[in-house]
Number of protein chains: 2
Amino acid sequence: MPPPAVRPVARRGVAGEAADRIRDAILAGELAAGTALKEVELASVLGVSRGSVREGLVVLESEGLVVSEWHRGTWVRELTPDDVDELYTLRTALDVLAMRTAAAKGSGFGPIDEVVRAMEHARTDTERVALDMEFHDAVYAATGHRRLQEAWRAIRCQVHLFLLARVADDPTYQELVVPEHAGLAAVLRAGDPGAAGCAAEEHLRGSSVKLVEKR
Amino acid sequence: MPPPAVRPVARRGVAGEAADRIRDAILAGELAAGTALKEVELASVLGVSRGSVREGLVVLESEGLVVSEWHRGTWVRELTPDDVDELYTLRTALDVLAMRTAAAKGSGFGPIDEVVRAMEHARTDTERVALDMEFHDAVYAATGHRRLQEAWRAIRCQVHLFLLARVADDPTYQELVVPEHAGLAAVLRAGDPGAAGCAAEEHLRGSSVKLVEKR
DNA sequence: ATTTGGAGCAATGTCAACATTCGGACATGC
DNA sequence: GCATGTCCGAATGTTGACATTGCTCCAAAT
């Protein structure tokens, strides 16, 4: 059966909103890696109390976008080469499971195709990277596997950040985004879990070779 | 080089302590699934403020031990059969990566063997399950892969809870814990990542067949 | 010269009071 | 009888003030 026509409203508090604003600022490059995030300052800028900022920072920490130490503070995370290795190995394991599960399920591919179509019309690398992320979001959503989506959420923003930094003005990426992801979507529709898993591995091995090792 | 002789002290606040107490109570069965966790009540019992309890509950939610809805409250999570499926599929993906990575690394196996030795002397199922968890903790620790450990942390307590419920007084488990884990430790030392990954899959397939499907 | 101890400041950790939201009970209208 | 509207108690969401901790600078001792 199709999902219900009206979805439950998103009931969120000030803390979630604060997390969104800070996350956007980081992904937009306005808060560079290593920047200290002082609670009083953020509270003042965002116009909310320090308690809400604290709560929002906890969320961002769970997404790996910031790191914090007891009684010392919170900073925008800096990604070392080791971090990138960790991200790609873990992400591969998750993506393989996601592609296999989605292919086995065999439905809910509509949003995935929509993202691919939007990709074809993207003009900037920033847009392309954002849609790249949304493509994989859609794959994870198609699995219906909540804990898998949660595990992806925990590294998603870090992957996003890394892609933004590495992909900047790389013509190879611009050429390959659409065909690569269109290929993944096609394998999904074919409905062969094994093939879908292999496609995920190759997709990531490709990005790894072309992006990581060129640094 | 070996890890430094003196480790940095664990500097934690009241919130972390509160999370520990509540987690222990849930894993000890004192707080049944579905129980409402009222902030004022917990704050009173624990002797801390509501703010700290709130912060602790966020941690427990990130571990999947409790669920909370906006302006409604927080409850001890109830695990449905679908939840168990999710836990086992995701855990398999993580364990395979962990065993492969640890085998490839080829060091840091000391703590793993220690857990196996402790397992041989365990008297109750509760102890055995706790050591089962610690065994896998040790494997994840041996990988040195922080994000993989973090992903495991996010489902660890749920797996613990499930095992406690299903394993209770099951003679099969009691017989198999030690040989199964000793086998995993041996494969690790062999140093073949591929074999280690397969061993992880079989280890979990075994538990799945023997524990999940008997319900 | 190096190190040790303390004072001051800045930032985070904790708390208790106020504001908001929710769910249910009851009354009202059709 | 069913749906809608309103009130109330209870719980969570939010806030600002107070307590605690860590860093830095500087002086004094070895």
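Worth pointing out:
- Residue in segment B:36-56 that is away from DNA strand C (no atom under 12 Å from the Cβ) and closer than 30 Å to B:HIS145 by Cβ present: no
- Any hit, segment B:177-195, residues being under 16 Å from the mean Cα position of the chain (by Cα) and in contact (Cβ under 8 Å) with a residue 60 or more places away in the chain: yes
- Qualifying positions in segment B:121-143 - closer than 22 Å to B:MET99 by Cα and either of a type outside the set (A, V, I, L, M, F, W, C) or not in a helix (DSSP H, G or I) (or both): B:ARG128, B:ASP132, B:GLU134, B:HIS136, B:ASP137, B:TYR140, B:THR143
- Residue in segment B:9-19 that is at pLDDT below 95, farther than 23 Å from A:VAL59 by Cβ, part of a helix (DSSP H, G or I) and of a type in the set (A, V, I, L, M) present: no
- Sole residue being small (Gly, Ala, Ser) and either within 28 Å of B:GLU150 (Cβ to Cβ) or in contact with an Asp or Glu (Cβ under 7 Å, 6 or more places away or on another chain) (or both), chosen from A:ALA122, A:ALA118, A:ALA142: A:ALA142
- Number of positions in segment B:19-56 that are open to solvent by less than 40 Å² (accessible area, probe 1.4 Å), among the aliphatic types (A, V, I, L, M), closer than 25 Å to B:THR126 by Cβ and touching a residue at least 24 places away in the same chain (Cβ under 8 Å): 6
- If you go through segment B:132-146 and pick out every residue that is farther than 23 Å from B:ARG77 by Cβ and open to solvent by 20 Å² or more (accessible area, probe 1.4 Å), you end up with 3.
Yes or no, residue by residue, for (1) open to solvent by 40 Å² or more (accessible area, probe 1.4 Å); (2) at pLDDT 95 or above:
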| residue | (1), (2) |
| --- | --- |
| B:ARG156 | yes, yes |
| B:HIS160 | no, yes |
| B:ALA165 | yes, no |
| B:GLN174 | yes, no |
| B:HIS181 | no, yes |
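- Positions within segment A:103-129 being closer than 21 Å to A:ALA199 by Cα and either buried (at least 20 other Cβ atoms within 10 Å of the Cβ) or under 17 Å from the mean Cα position of the chain (by Cα) (or both), in sequence order: A:ALA103, A:PRO111, A:ILE112, A:VAL115, A:VAL116, A:MET119, A:ARG128, A:VAL129
- Just one of the listed residues (B:LEU79, B:LEU94, B:LEU60, B:LEU42) is assigned to a helix (DSSP H, G or I), more than 14 Å from DNA strand D (Cβ to nearest atom) and touching a helix residue (DSSP H, G or I) at 6+ places or on another chain (Cβ under 7 Å), and it is B:LEU94.
- B:GLU69 more than 12 Å from DNA strand D (Cβ to nearest atom), on the phi < 0 side of the Ramachandran plot and either under 20 Å from the mean Cα position of the chain (by Cα) or within 12 Å of chain A (Cβ to nearest Cβ) (or both): no
- Those residues of segment A:63-76 which are part of a loop (DSSP other than H, G, I, E, B) and either more than 11 Å from DNA strand C (Cβ to nearest atom) or under 13 Å from A:ALA19 (Cβ atoms) (or both), in sequence order: A:GLU63, A:GLY64, A:LEU65
- Some residue of segment B:84-100 being open to solvent by 60 Å² or more (accessible area, probe 1.4 Å), under 30 Å from B:ARG189 (Cα atoms) and more than 17 Å from the chain's Cα centre (by Cα): yes
The values are calculated or read from the model by the stated rules, or taken from the named source; none is laboratory data. Values in this document were obtained by computation on a predicted structure and should not be read as measured data. Cβ atoms come from the backbone with ideal geometry, glycine included; neighbour counts cover every protein chain shown. Calculation scope for accessible area: heavy atoms of the full protein, side chains included, ligands and nucleic acids excluded. Shrake-Rupley method; radii C 1.70, N 1.55, O 1.52, S 1.80 Å.
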